[in-house]
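Chemist: Below is the structure I would like to discuss, written out as structure tokens.
The values are calculated or read from the model by the stated rules, or taken from the named source; none is laboratory data. Predicted model only: the values in this text are computed from it and were never measured. Methodologically, a virtual Cβ is constructed for each residue, glycine included, from the backbone with ideal geometry; neighbour enumeration extends over all protein chains shown. Protein only, heavy atoms only, side chains kept; ligands, DNA and RNA dropped before computing areas. Shrake-Rupley method; radii C 1.70, N 1.55, O 1.52, S 1.80 Å.
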Amino acid sequence: MIRRSASRGLAALLLGLAALAALAQAPWVHAFAAYGEPRYGPDFKHFDFVDPDAPKGGTLYLPNPDRRQNFDKYNTYTVRGNAPAGVGIFMAETLTTLGADEPRTMYGLLAESMRVEPDFSAITFRLHPKARFTNGDPVTAADVRHSFEMLTGKHASPTYATALAGVAKAVIVDERTIRFELAERNRDTLFKIGALPVFSRKWGLKSDGRSKPFDEIVDEHPIMSGPYTIGAADSGRRLEFKRDPDYWARDLPVRRGFYNFDRIVYRYYQDEAVALEAFKAGEFDLVRVYGARTWNRQHKGPKWDDGRIIKREVKIGTGQGLQTYTLNLRRPIFQDIRVRKALGLTYDFETNNRYKLYRRANSLFNNSDLAAQGLPSPGELALLEPFRNVLPPEVFGPPFVAPRTDGDANALRRNLLEARALLEAAGWKVAPDGKLRNAQGEAFEFEYLAPGDSVNDARLGAWARNLAKLGIGFKVRNVDYALFSRRLEEYDFDVVTIAGQSFGLPSPADLASSLSSKSADEKGNNNLRGVKSPVVDRLLEAMNRATTPQEFREAASALDRVVMWNYWQIPELYGDLELMSHWDKFGIPRVWPKYFTTDLGPDVDEQLAWPITTWWIKDPAKR
């Protein structure tokens, strides 16, 4: 017994020495790259894509950046209600921030430095001694752990719990040092921790010193560390951010040249046509345009002709996620792959893309080298072969290419005939009343859910006519944004349009949120398709486990083949251009980044919102 006890003691000692040795091998660093070395060294002064001497001042006026028509809370991290745009960009700060001219590299922000264990078992952050919340309190390790616990708890949106599922625990080392121990040892989890928003423990504190449940923090202004605070709000239709002149990070290399506007004002418009007229009248300064028809027919006139308004087609190097008509596989009519393939054959992309501004989306990873190419490589086959008997045979051939018509009516007719044959093979036949019905006499009907007014969308009208030729009933259901969001959270829809996230390097955690079996059962998550596939789960794990760029690329390309050839969606479009009109009032940095967006409120997107965070007013006195 004594010898056994001594043996255990020796083993524990050896383990302890090994742990100490591992710590000694993990240096404190200013930045961490997913692969390779950071572009900017520890002594860098500023990012190349900013002007470090940009003047401060003036007001930036913006519209609602999406179909939110109002807001009724300030907590952007919970499910119920509508949070305002801008909180995640202008108020919240994270432990690290991404460089925008290199693939996924995080630089310390709230964290002065970080230490990544060689086996990815943990990441430790040392907080910047100057880091302060806007109430003057220092940012401490306790605040970081509190934020982590709130965001992964039951009252927050489950997207955060999914993203941070690989974290075993957060350990306070001292007042300014916190260590996250990883249950899933991979790069993606490290980056998700780095992207953790941090807020004060005092946010939502009641008079008796106890904290409210996180989802009951609604009206209280967030206590955060970012460059802006809320200056004024008006009936859920207008929100003003004001720049904090004492912003703690204003001279840090990762913040020099950023946040140059004294005030940022969001105004919420109920109708896109009204918003466009407001833009032309000068009520706001910058707008991103998503519709080619709108871009070509409405963004023109005397103010564009004489240069008062500038129209830009902005080339981006950012990878583009998959924008699709997403099929809810929880609905019985979509569970047969032949039916899903048939629906894809009814959609005539080329006729709809008459302005040629967009490209057909054929991949999860458009505009990037992660998209499947040629036949599967040996590395891809090693991942796919164990599942050959449950995968469509096309997965083992060339990459997916969506059906085409090239505007040819005969090509469309051939596609519809093929669709009819597939539907008949799946048990759906045209009945005497002209409707497509199954053996039980049930009609093939589905509903497209949309926020706002999509009834007059020409694409939907053309699709409806093609579907009607096959006897399929198709309806468009327009609801307000709040109801739209709630129905998505409850997975209460048939078909909806969703655009995938843009990326420098895609996040397996984000993909898991929209594709993993676990997320399919969690209401409020992003698995709108309802995919439950052991193959997808295994490929997501392979992306997480990848230790080289090649392994990551092979796992991503294999996943691409599986998702596309299962026809879980009807792929629509992506753009390697972003369309933007703005008044000629801005100074713009000389160097443009590679990975960025012109979105006006991407609160949870890792991509840099470049115009609204790095441009400046040329002449603040004019307005």
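Chemist: Please work out the Cα center distance from segment 331-392 to segment 69-115, rounded to the nearest Å.
Modeler: 32
Chemist: For segment 223-298, what is the convex hull (Cα atoms) projected area averaged across all directions, in square nanometres? It would help to have the intermediate numbers written out before the result.
Modeler: Values: hull surface 28.4 nm².
Convex hull of Cα atoms, orientation-averaged projection: 7.1 nm².
Chemist: Sort out for me the Cα centre separation of segment 210-265 from segment 510-555, rounded to whole Å.
Modeler: What the calculation gives is 34 Å, centre to centre.
Chemist: Along each of the three principal axes of the Cα atoms of segment 384-526, give the extent in whole Å, ordering the values from largest to smallest.
Modeler: Over segment 384-526, Cα extents along the principal axes are 48, 45, 36 Å.
Chemist: Could you tell me what fraction of 2.2 N^0.38 Å the Cα radius of gyration of segment 231-378 comes to, as a two-decimal ratio?
Modeler: Cα-based Rg divided by the globular estimate yields 1.49.
Chemist: A follow-up question, please. Go ahead and run the numbers for FRET between Glu385 and Ala233, Cβ-Cβ distance against an R0 of 45 Å, rounding to 0.05.
Modeler: 0.20
Chemist: Straight-line reach only, C-alpha to C-alpha below 18 angstrom: list the aspartates and glutamates that Lys300 could link to, leaving out same-chain residues fewer than 8 apart.
Modeler: Glu272, Glu277, Glu283, Asp285, Glu313, Glu578, Asp584
Chemist: Sticking with this one: Compute the FRET efficiency between Ser517 and Lys130 as 1/(1 + (r/R0)^6), taking r as their Cβ-Cβ distance and R0 = 41 Å, and round to the nearest 0.05.
Modeler: For R0 = 41 Å, the calculated efficiency reads 0.40.
Chemist: Could you list, bin by bin from short to long, the percent of Cα-Cα pairs of segment 331-443 in 5 Å steps?
Modeler: Answer for segment 331-443: a P(r) of 2, 10, 14, 17, 17, 16, 12, 8, 3, 1, 0 percent.
Chemist: What Kirkwood radius, in Å to one decimal, follows from the Cα pairs of segment 304-354? Can you show the working numbers first?
Modeler: Working: mean 1/r = 0.0659 Å⁻¹.
Taking the inverse mean of 1/r over all distinct Cα pairs, segment 304-354 comes out at 15.2 Å.
Chemist: Quickly estimate the mean residue ellipticity at 222 nm for the chain, helices only: each DSSP H run with n ≥ 4 gives -39500 (n - 2.57), and the total goes over all residues, rounded to 500.
Modeler: -8000 deg cm²/dmol
Chemist: Please report the accessible area of Tyr268 (heavy atoms, 1.4 Å probe, ligands and nucleic acids excluded) in Å², nearest 10.
Modeler: Accessible area of Tyr268: about 20 Å².
Chemist: Given Lys202/Lys242; Lys73/Lys585; Lys242/Lys618; Lys130/Lys154, which pairs have Cα atoms separated by over 25 Å?
Modeler: Flagged as over cut-off: Lys73/Lys585; Lys130/Lys154.
Chemist: Return one whole number: the accessible area per residue of segment 523-623 in Å², for a 1.4 Å probe.
Modeler: On the way: 3530 Å² over 101 residues.
About 35 Å² of surface per residue is accessible.
Chemist: Using Cα pairs closer than 8 Å and at least 6 residues apart in sequence, work out the relative contact order for segment 341-442, in percent.
Modeler: Dividing the mean separation by the residue count of segment 341-442 yields 38 percent.
Chemist: Please list, by residue number, every one of the trypsin sites (Lys or Arg not before Pro) in segment 269-302 that is coil in DSSP and has at most 16 other beta-carbon atoms within 10 Å.
Modeler: Loop-located and lightly packed - Lys300.
Chemist: May I pose another question? Show me the trypsin sites (Lys or Arg not before Pro) within segment 398-441 that DSSP assigns to loop and that have at most 15 other Cβ atoms within 10 Å of their Cβ. Intermediate values should be presented prior to the final figure.
Modeler: Values: sites: Arg404, Arg413, Arg414, Arg420, Lys429, Lys435, Arg437; in loops: Arg404, Lys435.
Those satisfying the criteria are Arg404.
Chemist: Please report the accessible area of Glu283 (heavy atoms, 1.4 Å probe, ligands and nucleic acids excluded) in Å², nearest 10.
Modeler: Number for this one is 80 Å².
Chemist: Under 1.5 on a/c is rounded, so check that first for segment 537-593, then, if it is not, pick prolate when a/b is larger than b/c and oblate when it is not; a ≥ b ≥ c are the square roots of the alpha carbon gyration tensor eigenvalues.
Modeler: oblate
Chemist: Here is a further query. Can you send over the carbon and sulfur percentage of the accessible area for the chain, probe radius 1.4 Å, protein chains only?
Modeler: 50
Chemist: For the chain, what's the relative contact order in percent, using C-alpha pairs closer than 8 Å and at least 6 residues apart?
Modeler: Averaging sequence separation for qualifying contacts and normalising by length gives 21 percent for the chain.
Chemist: P(r) for segment 517-566: what percent of alpha-carbon pairs falls in each 10 Å bin, starting at zero?
Modeler: With 10 Å bins starting at 0, P(r) equals 26, 47, 25, 2.
Chemist: Do you know the relative contact order of segment 544-616, to the nearest whole percent, from alpha carbon pairs under 8 angstrom that are 6+ apart? Write down the numbers at each step before the final one.
Modeler: Details: 34 pairs, mean separation 16.4, N = 73.
Relative contact order of segment 544-616: 23 percent.
Chemist: What whole-number value in Å² describes the accessible area per residue of segment 438-496 for a 1.4 Å probe?
Modeler: Per residue, segment 438-496 has an accessible area of 46 Å².
Chemist: So if I average 1/r over every pair of distinct C-alpha atoms in the chain and take the inverse, what Kirkwood radius in Å does that give?
Modeler: Hydrodynamic radius (Kirkwood, Cα only) of the chain equals 26.2 Å.
Chemist: Another question, if that's okay. How much accessible area per residue does segment 308-427 have, counting only protein heavy atoms and a probe of 1.4 Å, in square angstrom?
Modeler: It amounts to 46 Å² per residue over segment 308-427.
Chemist: To check you understand DSSP bridge types, tell me what percent of the beta bridges within the chain (both residues inside) are antiparallel, rounded to 5.
Modeler: 80
Chemist: Per the Kirkwood treatment, what hydrodynamic radius in Å, one decimal, follows for segment 501-623 from the mean inverse distance over all distinct Cα pairs?
Modeler: It is 17.3 Å.
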